[in-house]
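Before any comments, here is the structure.
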Amino acid sequence: MLDLYAGTGAVGLEAISRGAESAVLVERDRATAELIRRNARVLGFGQAQVVCSSVAGFLSQTTAVPSDVVFLDPPYPFDNATVATDLVLLVEHGWLGDDALVVVERSRRGGLPPWPPGISPARERKYGETLLGYGHAAPDQTDAGE
């Protein structure tokens, strides 16, 4: 499980509590990343790896371990171009398992970023101000232009 823009770490830590073998939680803010580390220790979740880094930096400079689930919840003020770049990095750097689920949370007002080749859109759900976009890894799409 890959939790990008982890914030409090709730999504990644919840995934572990529900049986995920491991979770990598990426959070840029040092104090917030340390809070996630402490919470993981208190919960006994040694399989939680907390990384203090920008998402783009992590995705482009770290050796990819393909994930089955990727959750991106950037702050709503982030523009969709930034999130679209993150999605491209997920595909290009091999972060997605064969049929990985990719979930993007955004504000309804800003909408979702475009899905890049390599991720097929599956559905959208609206909850108040929140818009969730679901996509699945589609490896065949990345080879289409070659």
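Nearest-5 percent of antiparallel DSSP beta bridges in the chain?
Values: 15 of 31 bridges.
Expressed as a percentage, antiparallel bridges in the chain total about 50.
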How much space per residue, in cubic angstrom, does the convex hull of the C-alpha atoms of the chain take up? 110 Å³
Over all Cα pairs of the range 77-146, how is the pair count split among 10 Å bins, expressed in % and running from 0 up to the last occupied bin? 21, 52, 24, 3, 0
Here the net charge surrounding Leu35, from other residues whose Cβ is less than 12 Å away from its Cβ (Lys, Arg +1; Asp, Glu -1), is +1
At a 10 angstrom cut-off on C-beta neighbours, averaged per residue, how do the peptides 90-97, 1-8, 52-59 rank from highest to lowest? 1-8, 90-97, 52-59
Remind me, what semi-axes does the range 8-57 give for its equivalent ellipsoid, largest first in whole Å, using sqrt of 5 times each Cα gyration tensor eigenvalue? 18, 12, 8
Looking only at the range 1-29, which residues have a backbone nitrogen under 17 Å from a spot 7 Å from the Cα of Thr63 in the C-beta direction? 24
Separation of alpha-carbon centers, the range 105-135 and the range 33-92, rounded to whole Å: 18 Å
Assuming R0 = 41 Å, can you tell me the calculated FRET efficiency for the pair Arg41 and Ala84, based on Cβ-Cβ distance, to the nearest 0.05? 0.75
Pairs of Cα atoms farther than 16 Å apart, the range 38-104, %: 54 percent
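Every number here is computed from the coordinates shown, using simple stated rules; none is lab data. Only a predicted model underlies this, so the values are computations on that prediction, with no experimental measurement involved. Note: ideal-geometry Cβ built from the backbone for every residue, glycine included; neighbour counts use all protein chains shown.
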